[in-house]
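Read-outs throughout are calculated quantities, based only on the coordinates presented, and are distinct from any laboratory measurement. All of these numbers come straight from a predicted model, not from anything done at the bench. Here Cβ is always computed from backbone atoms with ideal geometry, including for glycine, and neighbour counts include all displayed protein chains.
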Amino acid sequence: MIRPAFLTLVGLIAHSVVSLEAAPALTKVRDLVIYRDPVFYAAFPSVVQRPDGELLVAFRRAPSRRAVGEKGESHVDPTSQLVLVRSRDGGATWSATPELIYAHALGGSQDPCLLQLRDGTLLCASYGWMFLNAEGSASRPTPNFQSKPGVHFLGGYLVRSADGGRSWQGPTYPPHIAAEMNLDPYGRPLPAYNRGALIEGAGGRLFWAVAANDRIAPRKTSTHLLVSDDRGASWRYAAPVAVDDKVTFNETSIYETPKGDLVAFMRTANFDDHACLARSTDGGKTFQPWQDMGWKGHPLHAQRLPDQRVLLVYGYRHKPFGIRARVLNAECTDFATAPEIVLRDDGGTTDLGYPWSVVLDAKHVLVTYYLNVADGPRHIAGTVLEIGQ
């Protein structure tokens, strides 16, 4: 039984770390495996719930390189594809064979980010990599970004489904933004990209926080806002979100509060793995100076709960490796004092995280992520939580 005095003490301690059993906001119901196959490296999920209750989890899948005798796994692979699995029983069981969302004709795809519009349309944002031999790589126009020699960045794209993810149209390409300095392998300006949640605002406008390589050496990225008024068919530049001379901002999920503020939850580099946010109070025309949230974790996803509080989930790549969360107030102003909640601490290595959550019903939420246990197969897992008062 939870002792009220203990909960009161927890609530008074800023930056405290509490177990789920001691957290009044959330109670763990169960952990589950969504997709696991030792032949494949599965990672970077996103999740939506269809109007009829069906759950869709999209993720990136590529061959497990260790399974065929190679030294290690890689987040970038020429054969990586965007796939999805389904559940019609609240996550208890999942389709065994993933359905293809998209396989890029020029290389591997990464990080499918699902957005379900109010009319039921699904958008999926991603980005790709092209693998070239030494001769081709050396002759490419510069500057270009390579994750490792010969692996050239293609930039972002989106695909769309009008039938619940059974078929997909596209890709369509977002615009290049001026802050982006790199070219694609063909010498063209890179289309915008990022990993993180897009949103449909209360007024129907779509908001997407994208990243830009604004310095080549040493490499640094900043974040910028794109908006769409035609359900994602086209995008236009709105404003810089976070730019700094030293700190890198990249993987970003954006959230709209009941008041109408836009809050960008950002991953950083060169900042001791601290999570940061930036806020707009004018619908994305401008953003206030970015803020350090004061704690470690990345990347982040924000989900509105039925009582208007916000579940903020993130990966934790420090011992003990796993998945963590905080429950913020409706306007996300208590990020510095909201207690940290441990969802998983049984990860085998730092190669895990990227959580994304969805409300199942008035009392439950599903958090999806990728995980390894004892450095085993990278797989898609989840945690069902009961929402407290």
**Asked** What's the FRET efficiency of Ala96 with Thr286 using the Cβ-Cβ distance as r and R₀ = 51 Å, to the nearest 0.05?
**Response** 0.60
**Request:** Quickly estimate the mean residue ellipticity at 222 nm for the chain, helices only: each DSSP H run with n ≥ 4 gives -39500 (n - 2.57), and the total goes over all residues, rounded to 500.
**Result:** -1000 deg cm²/dmol
**Message:** Give me the percent relative contact order of the chain, please, defined on Cα pairs under 8 angstrom at least 6 residues apart.
**Reply:** 16
**Message:** Given all pairs of different Cα atoms, what value in angstroms does the Kirkwood hydrodynamic radius of the range 152-299 take?
**Reply:** 15.8
**Prompt:** So which lysines can Lys28 reach, going by Cα to Cα under 16 Å and dropping same-chain residues fewer than 8 places off?
**Reply:** Lys363
**Prompt:** How long is the gain from Asn329 to Arg231 if the chain were fully straight, where each residue apart is worth 0.36 nm and the alpha carbon distance is subtracted?
**Reply:** 32.4 nm
**Asked** If you take the beta carbon distance between Ala178 and Leu106 as r and set R0 to 35 Å, what does 1/(1 + (r/R0)^6) give as a FRET efficiency, to the nearest 0.05?
**Response** 0.90
**Asked** In the set [x] 67, 47, 41; [y] 66, 53, 32; [z] 87, 45, 37, which value of Cα extents along the principal axes in Å was calculated from the structure you see?
**Response** [x]
**Complete:** Heads up, the range 59-196 by the C-alpha gyration tensor (a ≥ b ≥ c square roots of eigenvalues; a/c under 1.5 rounded, else a/b over b/c prolate, else oblate) looks oblate
**Fill in**
Cα extents of the range 314-355 per principal axis, largest first, Å, are 34, 16, 13
**Fill in**
Here the range 53-66 yields Karplus 3J(HN,Hα) values (6.51, -1.76, 1.60; θ = phi - 60°; whole Hz; Gly and Pro given as x) of x, 5, 9, 10, 10, 9, 7, 9, 10, 9, x, 6, 6, 5
**Request:** Search the structure for amide H atoms under 5 Å from the amide H of Ser74, placed 1.01 Å from N in the peptide plane, and list their residues when 5 or more places away or on another chain.
**Result:** Arg65
**Prompt:** Which value in Å is the Kirkwood Rh of the range 191-263 over different Cα pairs?
**Reply:** 12.8
**Request:** Once you have the Cα-Cα distance between Thr350 and Asp244, take 0.36 nm times their residue separation minus that, and quote the gain in nm to one decimal.
**Result:** 35.5 nm
**Request:** Please compute the net charge surrounding Pro63, taking Lys and Arg as +1 and Asp and Glu as -1 over other residues with Cβ under 15 Å from its Cβ.
**Result:** +3
**Request:** With the convex hull built on the Cα atoms of the range 252-296, state its orientation-averaged projected area in nm².
**Result:** 3.2
**Request:** Only bridges with both residues in the chain count here: give the DSSP antiparallel percent, nearest 5.
**Result:** 95
**Modelled FRET efficiency - R0 41 Å, Lys363 with Asn270, Cβ distances, 0.05 increments** = 0.50
**Message:** Could you check the spin-label model distance between Asp37 and Arg86? Points 7 Å from the Cα along Cα→Cβ, value in nm.
**Reply:** 1.7
**Message:** Let's test this: bin the Cα-Cα distances of the range 232-308 at 5 Å from zero up to the farthest pair and state each bin's percent.
**Reply:** 3, 15, 24, 24, 19, 11, 4, 1
**Asked** Under 18 Å from the Cα of Lys296, which aspartates and glutamates turn up, not counting those fewer than eight places away in the same chain?
**Response** Glu251, Asp272, Asp273, Asp334, Glu340, Asp345, Asp346, Asp351
**Request:** Round to a whole angstrom and tell me the spacing of the C-alpha centers of the range 334-386 and the range 164-182.
**Result:** 28
**Asked** Under a point-charge model restricted to the Cβ atoms of Lys and Arg (+1) and Asp and Glu (-1), what is the dipole moment magnitude of the chain relative to its Cα centre, in debye to the nearest 20?
**Response** 300
**Request:** Could you list Val373, Val47 in order of exposure, starting from the residue whose Cβ has the fewest other Cβ atoms within 10 Å?
**Result:** Val373, Val47
**Message:** Neighbour counts of other C-beta atoms within 10 Å: give me Glu340, Glu135 arranged from fewest to most.
**Reply:** Glu135, Glu340
